[in-house]
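A short worksheet on the structure shown next.
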Amino acid sequence: MPLIPPGRYQYILWDWNGTLLDDAALCVEIMDQLLRRYGKPGLTPERYQRIFDFPVRDYYQALGFDFSRTPFEQVGTEFMVEYNRRWRTCRIRPHAQTVLRRFQEQSIPQSILSAASVTLVQQGLQHFDLESFFDDIHGLDHHYAEGKLAQAQAFLSRCTAAPESVLLIGDTTHDHQVARAVGMDCVLIHAGHHALERLQACGVPLCTTLQDLIA
């Protein structure tokens, strides 16, 4: 039985990074290089999955950055400069287009809800030819990834669908926290940004591939 039964939801919100764009390995690699540049221990995928979180400012502190010496805006921008240079080397997650098309054929509107900048997500959708699947992008106007609760609340204030008829598909505990805070349902994919144990603790449906959503 598919995780998303036909007719259950009137609107679907997708997270971008990790959920549709398979970029966890790139994020680990860039941060590992940044840490070593500042004379700090490197980063493994396992440690990344244990400590990555939103707002990412807290994640940087968990990595050992002292903002009294090196401002968050400085190291955060250094990370994003390299990320912006290299994200096109990533791939869209397997089955993404198939699943997006299935929901589109079922006349379920879809949008992006992201803690990334709207501009960056727009570039990604254009690059991977996914624009036609989405009505809108609800994201930030900067690259410091504070979170997306305010964006979810703003979306619901304009959406005609009731919160309980909206599904958020994401890959972090933050997605679950946002969905729970505004009354939406949530499905999580184990995609590399958070450890499986962290996702399981949320107590919501969990998949390992996007195909699980419709298969």
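Each value in this text was obtained by applying a stated rule to the coordinates, not by laboratory testing. Keep in mind the model is a prediction, meaning the values are calculated, not measured. We place every Cβ from the backbone using ideal geometry, glycine too, and count neighbours over all the protein chains shown.
Here are the numbers for the structure shown:
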{"read-out": "11 Å beta-carbon shell around Pro41, net charge (K/R +1, D/E -1)", "value": "+2"}
{"read-out": "Estimated Rh, the range 24-89: Kirkwood, alpha-carbon pairs, angstrom", "value": "12.0 Å"}
{"read-out": "Karplus-derived HN-Hα couplings along the range 148-160 (A = 6.51, B = -1.76, C = 1.60, θ = phi - 60°), whole Hz, x at Gly and Pro", "value": "9, 5, 4, 5, 5, 5, 5, 4, 5, 5, 9, 8, 7"}
{"read-out": "Average silhouette area of the range 67-209, convex hull of alpha-carbon atoms, in square nanometres", "value": "9.7 nm²"}
{"read-out": "Theoretical gain in end-to-end length, Phe72 to Arg86 [0.36 nm per residue, Cα-Cα removed]", "value": "2.9 nm"}
{"read-out": "Value at 222 nm in deg cm²/dmol, rounded to 500, when DSSP H runs of n ≥ 4 in the chain each add -39,500 (n - 2.57)", "value": "-12000 deg cm²/dmol"}
{"read-out": "Modelled FRET efficiency - R0 41 Å, Arg180 with Arg37, Cβ distances, 0.05 increments", "value": "0.65"}
{"read-out": "Excluding exposed DSSP-loop trypsin sites (Lys or Arg not before Pro) (at most 14 other C-beta within 10 Å), longest clean stretch of the chain", "value": "70-215"}
{"read-out": "Label-point separation in nm, Ala201 to Ser107, each point 7 Å along Cα→Cβ", "value": "4.3 nm"}
{"read-out": "Helix axis angle, 72-86 relative to the chain longest principal axis, alpha carbon, degrees", "value": "60 degrees"}
